[in-house]
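Everything on this sheet refers to the single structure shown next.
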């Protein structure tokens, strides 16, 4: 990989997808997948649920969950009443439980790879961007990664809602020095839209896709800007909320 793509001259970095996460890895990596992995993660963290990120499309998810005493989320399009899926509303309505295995093709898969590499990883959405930024604090190298979506051929589709979510985290960092141009661009994108959320989420391509598929609630919950103080930090193979503590506490 071209070393210039790593943004190593900058303390605060921004990039896209799993390859970007590897390229700009820092002391703290913040993964943003607004529709819907990290939004669902924040809702689970609000309820004190530990979340195990998992690769998308692997049949062994049920066995993986059973070994950990966890509920295995199902695909949102096949979920029956009472089942938990990637839709954040299903977490809110579920009976109390302690652990969840949550696959997704983008944010969860990136987090799973970071867990395997032993990276310090945090999950952020528009709901908890300010809380995550406060937890990250000042002075550390930070990589904020927009998960993005997938085109039908499997290639990365940059998704504007993840750019906004990443920008919201970056804009709330207490130390605004040392940003790469890529990180500055994400902040500018967030500031351009901040006053008209959640309408912008309903209007963007991913939001329109979910609404057309019958999941408007997913978009509405994703637009709850600042409603969560949870900070889900990847501890081993699972996310645990460490709200109120800094990066020295895992």
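Of all the residues in region 107-148, those that are in contact with a helix residue (DSSP H, G or I) (Cβ under 9 Å, 6 or more places away or on another chain), outside any loop (DSSP other than H, G, I, E, B) and more than 18 Å from residue 189 (Cα to Cα) number 15. Considering (1) more than 15 Å from residue 33 (Cβ to Cβ); (2) in contact (Cβ under 8 Å) with a residue 60 or more places away in the chain, say which one residue 67 fails and leave the rest. For residue 67, the exception is condition (2). Could you say whether any residue in region 223-245 is within 26 Å of residue 119 (Cβ to Cβ), free of Cβ contacts under 8 Å to residues at least 12 places away in the same chain and assigned to a strand (DSSP E or B)? There is no residue in region 223-245 that is within 26 Å of residue 119 (Cβ to Cβ), free of Cβ contacts under 8 Å to residues at least 12 places away in the same chain and assigned to a strand (DSSP E or B).
Does region 81-93 contain any residue that is surrounded by fewer than 21 Cβ atoms within 10 Å (Cβ to Cβ) and in contact with a strand residue (DSSP E or B) (Cβ under 7 Å, 6 or more places away or on another chain)? Checked region 81-93: at least one residue is surrounded by fewer than 21 Cβ atoms within 10 Å (Cβ to Cβ) and in contact with a strand residue (DSSP E or B) (Cβ under 7 Å, 6 or more places away or on another chain).
On inspection, residue 219 does not qualify as under 14 Å from the mean Cα position of the chain (by Cα) and modelled with pLDDT of 95 or more.
Can you pull out every residue in region 70-80 that is in contact (Cβ under 8 Å) with a residue 12 or more places away in the chain and in contact with a strand residue (DSSP E or B) (Cβ under 7 Å, 6 or more places away or on another chain)? Those that are in contact (Cβ under 8 Å) with a residue 12 or more places away in the chain and in contact with a strand residue (DSSP E or B) (Cβ under 7 Å, 6 or more places away or on another chain): 70, 71, 72, 73, 76.
The values are calculated or read from the model by the stated rules, or taken from the named source; none is laboratory data. If you're wondering where the values come from, they're calculated on a predicted model, not measured in any experiment. Here Cβ is always computed from backbone atoms with ideal geometry, including for glycine, and neighbour counts include all displayed protein chains.
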